[in-house]
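Visitor: This structure is in structure tokens; I'll ask about it shortly.
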Amino acid sequence: MSLSRISALRQVLELEPSARAAFVDQACAENTALRDELHRLLALDAARHTLLDADIDQVAVALLAPSAGTDSDEASADPLHPDMMVGSWRMLRRLGSGGMGSVWLAERADGAFVQHVALKMIRPGMDSTAVLTAFNRERDLLARLEHPGIAHLIDGGVDATGRPWYAMRHVEGETLDQWLLRNPSLKTRLMLFVSLCRTVAHAHRQLVVHRDIKPGNVIVQPDDTPCLLDFGIAKILQREPSDSAATIDRFASPGYAAPEQLNGGQISTATDVYGLGAILFELLTTQRYGNLHRGGDTPTRASQTRPTMEGPQTAIPAAQLRGDLDAIAMRALAPDPARRYGSAEALADDVQRHLDGRPVMARPDGFGYRLSRWIQRNRLASAGLLLAMFAMLAGTGISLWQAQRATEEAQRANTVKDYLISLFDAGRTNSGGTGMLEQRVIDMLDASAARLKQDLQDQPALRDEIYTVLVEIYDANNQGERSMALAQERVEMAENAFGHNNPRVVPALLMLAGVYLNHEQLGEVPALLARAGNLLDAAGDQNSLPRALWLYYSGSFAFEQAMERDVLPAESLDFLSRAADLMRRRFPDNDELLVTLIKMAEVASWGHEQSLAQTAIDEARKRTLQRHGASHFYLTYANLIQARLWIDYGRVEEGLALIRQTYRDVVHFSGERHNDVLSVRYHELRSLLKLGRIDEAAALVQEAEGWRLRYHPDVAYMKDALEDMRARVERARAEISSP
């Protein structure tokens with residue numbers, strides 16, 4: 001087939017399936033041979049119930065190479081068969097076939113270790129120069145790409161007849177379009193997309209442009225992470241034979257190809273950014289952007305599409321797409337490469353900004369937009385402002401005899417409102433202008449926390465309450481030094497305002513003890529707990545929330561001591577049980593009870609109190625569901641402890657499934673870089689080793705090490721934890737191989 005015929009095929013594939021036959025008849029009225037050939041290819045497409053351009057790169061090679069026969073003798077032409085040996089690999093079953101050859105699932109058969117791969121070999125009669133060039137190109141590219149999101153090269157060679165083959169990592173999962181039918185949440189779709197963008201960015205850093213990014217080339221693995229396949233038409237930026245590159249690039253899938261690919265323009269990393277934009281558009285709308293938009297048309301925004309009859313349940317409502325997501329997709333899909341994102345990494349970063357509630361680079365930089373995003377991502381401070389306003393409004397409808405109390409509450413609420421507003425109001429008046437509003441809340445708190453020593457001196461109780469909020473924000477964001485320093489300052493301010501022996505100092509003492517416990521600074525904790533307990537005893541306080549918190553922190557400290565001495569945590573469980581009993585009686589709707597139950601479950605599981613741990617988990621889950629619904633991080637921590645119990649007591653498969661769900665939830669609630677990610681991975685490793693899945697465990701360690709190097713390269717205890725995980729895998733491997 002000549003290149004002019006290939007161009008005709010490309011034009012046909014750009015049309016809707018229902019319009020293709022009529023177009024062929026009209027366009028090829030004077031060329032019956034071309035008409036018949038195009039109809040044959042379209043019939044082949046329909047018979048296979050798949051879009052021809054889903055495997056257009058393989059079709060392209062087949063068209064450029066000598067004919068290999070029909071579908072009926074495809075199997076007989078395959079040089080591979082079950083139990084055949086190729087190098088060190090035994091063929092198990094055929095995974096698929098294309099224009100140049102077939103791909104087989106194979107297992108290592110030399111006894112070195114257990115491993116499965118996808119092995120690819122050219123079929124007889126297909127070893128033309130064009131096919132060999134494309135085959136060797138893909139093998140060479142895979143050899144230089146080492147990333148968890150790419151099916152990397154493992155082995156390669158030639159068989160006895162001289163046909164080349166290579167083996168790559170076998171990826172379990174389903175294609176992206178199949179995964180989309182599961183109707184994942186918008187957040188899950190965007191998180192997967194960010195991961196895919198970073199995978200593409202890795203290839204770009206190796207000077208490789210994929211050039212055929214589409215749902216069929218993205219496998220979503222069981223843990224909802226993407227793997228990018230098929231680098232058959234990829235381009236190496238620093239060295240590319242111009243003739244072969246121009247020819248092969250004609251076969252990028254038309255539905256996802258960038259305008260410069262279809263028009264013979266310059267190929268660059270921006271080409272892949274366009275392909276990623278098309279993927280994003282389809283994730284949001286379930287529709288192919290290429291079917292809705294042609295180069296000269298007005299760009300179609302994601303929010304302007306209507307769900308198709310085939311899959312309306314998978315589309316995201318338009319209201320969630322307007323604004324950031326529309327802007328991000330349109331920038332990635334800009335016809336002019338210079339107007340797209342400068343890199344796949346920049347596209348990933350902008351989607352991550354949207355997920356984090358921060359202003360995105362694709363949107364206008366107005367003050368109103370920045371302020372709205374600040375409020376969205378800092379819900380705690382925003383909630384304080386809203387509650388303050390509601391409190392003031394509520395005061396207008398109460399009886400006259402409550403007027404004095406209402407006035408006091410309104411004044412208090414107004415003070416809280418004014419103070420919290422002042423935390424970000426400086427962004428409109430200082431020399432930094434609105435740029436200050438782009439900062440994370442932690443950065444703005446740094447600039448404002450010092451003011452608390454002077455602010456609100458005439459309202460010390462209110463100031464103490466604001467200290468509580470600020471310390472909690474610091475501590476929740478792993479800002480250990482800042483949270484400890486501010487918690488110490490809170491104690492000093494409370495002592496100055498209320499007196500050293502006043503029980504109103506107790507909450508400040510307990511918060512400081514809690515912050516020290518969170519960051520394993522245990523030296524000062526006993527004295528803080530003793531002083532707080534003495535103040536509560538002197539006041540005759542046995543039933544307040546501070547008393548319950550004193551019991552909780554005492555139990556937490558006793559647990560740390562038990563772990564250090566490697567003894568059963570009986571004292572800790574006694575404190576925690578008393579804390580839970582008091583909270584059930586007096587404060588059943590407080591989150592402190594949920595936290596206490598989760599801590600009880602953790603301590604009981606460590607102390608081999610399976611029944612008590614399970615009871616605490618069940619109660620924590622029930623109360624969390626009643627109070628917060630089915631999506632809350634308290635459920636995540638309860639599930640983590642449940643998974644550990646199952647792993648320890650023989651329900652390992654169930655524990656593994658739950659621990660993987662917990663991993664996704666931890667990333668959802670706490671972010672990909674949070675310390676808890678490593679803890680969850682550790683327990684996933686334990687379950688894999690118990691199941692004897694050594695290769696998966698080794699791959700998990702490699703993935704966890706990549707996570708550590710990316711986010712926490714200088715944290716010593718994480719490095720030690722990874723060394724321990726790696727040693728566990730090696731011991732397990734040695735036990736299997738020993739006689």
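Visitor: Filter region 626-668 down to the residues that are surrounded by 23 or more Cβ atoms within 10 Å (Cβ to Cβ), more than 28 Å from Pro588 (Cβ to Cβ) and small (Gly, Ala, Ser) and list them by number.
Guide: Gly655
Visitor: Another question, then. State whether the residues of region 616-625 include one that is surrounded by 15 or more Cβ atoms within 10 Å (Cβ to Cβ), farther than 24 Å from Phe669 by Cα and not β-branched (Val, Ile, Thr). Before you say what the answer is, go through the steps one by one.
Guide: Of all residues in region 616-625, those surrounded by 15 or more Cβ atoms within 10 Å (Cβ to Cβ) come to 616-617, 619-621, 623-624.
Pick out the ones that are also farther than 24 Å from Phe669 by Cα and you get none.
So far as region 616-625 goes, no, none of its residues is surrounded by 15 or more Cβ atoms within 10 Å (Cβ to Cβ), farther than 24 Å from Phe669 by Cα and not β-branched (Val, Ile, Thr).
Visitor: Looking at region 2-36 only, could you name the residues that are at pLDDT below 75 and surrounded by 15 or more Cβ atoms within 10 Å (Cβ to Cβ)?
Guide: Across region 2-36, the qualifying residues are Arg5, Ile6, Ala8, Leu9, Arg10, Gln11, Val12, Leu13, Glu14, Leu15.
Visitor: Just to be sure I understand, how many residues within region 699-731 are surrounded by 14 or more Cβ atoms within 10 Å (Cβ to Cβ) and farther than 23 Å from His170 by Cα?
Guide: Qualifying residue count, region 699-731: 9.
Visitor: Okay, next question. Can you tell me which of Pro259, Pro299 is on the phi < 0 side of the Ramachandran plot, surrounded by fewer than 23 Cβ atoms within 10 Å (Cβ to Cβ) and modelled with pLDDT of 85 or more?
Guide: Pro259
Visitor: Then there is this: Within region 592-611, count every residue that is in contact (Cβ under 8 Å) with a residue 40 or more places away in the chain and surrounded by fewer than 21 Cβ atoms within 10 Å (Cβ to Cβ).
Guide: So the count comes out to 5.
Visitor: How many of the residues making up region 172-187 are without any contact (Cβ under 8 Å) to a residue 60 or more places away in the chain and surrounded by 14 or more Cβ atoms within 10 Å (Cβ to Cβ)?
Guide: 5
Visitor: Is it fair to say Val666 is touching a Pro at 6+ places or on another chain (Cβ under 6 Å) and in a helix (DSSP H, G or I)? Show your work before the answer.
Guide: Numbers: touching a Pro at 6+ places or on another chain (Cβ under 6 Å): no; in a helix (DSSP H, G or I): yes.
In short, no.
Visitor: If you scan region 582-624, which residues turn out to be closer than 22 Å to His683 by Cα and among the basic types (Lys, Arg)?
Guide: Within region 582-624, Lys599, Arg621 qualify.
Visitor: Where in region 517-618 are the helices (runs of 4 or more DSSP H), entirely inside, with at least 2 residues that are under 22 Å from Tyr634 (Cα atoms)? Show your work before the answer.
Guide: Numbers: elements: 525-538, 545-565, 570-586, 591-606.
Passing ranges, in order: 545-565, 570-586, 591-606.
Visitor: Still on this structure: Considering only residues that are without any contact (Cβ under 8 Å) to a residue 60 or more places away in the chain, of a type outside the set (D, E, K, R) and farther than 19 Å from Glu146 by Cα, which ones fall in region 685-712?
Guide: Correct list: Leu685, Ser687, Leu688, Leu689, Leu691, Gly692, His712.
Visitor: Additional query: Within region 205-213, identify whether any single residue is at pLDDT 90 or above and either within 27 Å of Tyr166 (Cα to Cα) or assigned to a helix (DSSP H, G or I) (or both), and answer yes or no. Even if it seems obvious, please write down each step before you answer.
Guide: At the first step, the residues of region 205-213 found to be at pLDDT 90 or above are 213.
Filter once more, so that each one left must be either within 27 Å of Tyr166 (Cα to Cα) or assigned to a helix (DSSP H, G or I) (or both): 213.
Yes, there is a match, as at least one residue in region 205-213 is at pLDDT 90 or above and either within 27 Å of Tyr166 (Cα to Cα) or assigned to a helix (DSSP H, G or I) (or both).
Visitor: In region 495-513, what residues are among the small types (Gly, Ala, Ser) and crowded, with 22+ Cβ neighbours inside 10 Å? Before you say what the answer is, go through the steps one by one.
Guide: First, the residues of region 495-513 that are among the small types (Gly, Ala, Ser): 497, 499, 508, 513.
Of everything in region 495-513, those that are among the small types (Gly, Ala, Ser) and crowded, with 22+ Cβ neighbours inside 10 Å turn out to be Ala508, Ala513.
Visitor: Separate question: Just give me the residues in region 140-179 being modelled with pLDDT under 75 and either closer than 19 Å to Glu107 by Cα or acidic (Asp, Glu) (or both), in sequence order.
Guide: Within region 140-179, Asp140, Glu146 qualify.
Visitor: Something else now. If Asp223 passes every condition in (1) part of a loop (DSSP other than H, G, I, E, B); (2) modelled with pLDDT of 80 or more; (3) more than 25 Å from Ser185 (Cβ to Cβ); (4) among the charged types (D, E, K, R) but one, which one does it miss?
Guide: Just one mismatch for Asp223, condition (3).
Visitor: Give the residues of region 714-736 that are under 20 Å from Val680 (Cβ atoms) and touching a helix residue (DSSP H, G or I) at 6+ places or on another chain (Cβ under 9 Å), sorted by residue number.
Guide: Result: Val715, Met718, Lys719, Ala721, Leu722, Asp724, Met725, Arg726, Arg728, Val729, Ala732.
The values are calculated or read from the model by the stated rules, or taken from the named source; none is laboratory data. Just so we're clear, the structure is a prediction, and the values are computed from it rather than from any experiment. Quick reminder, even Gly has a Cβ in these numbers, built from the backbone with ideal geometry, and neighbours come from all protein chains shown.
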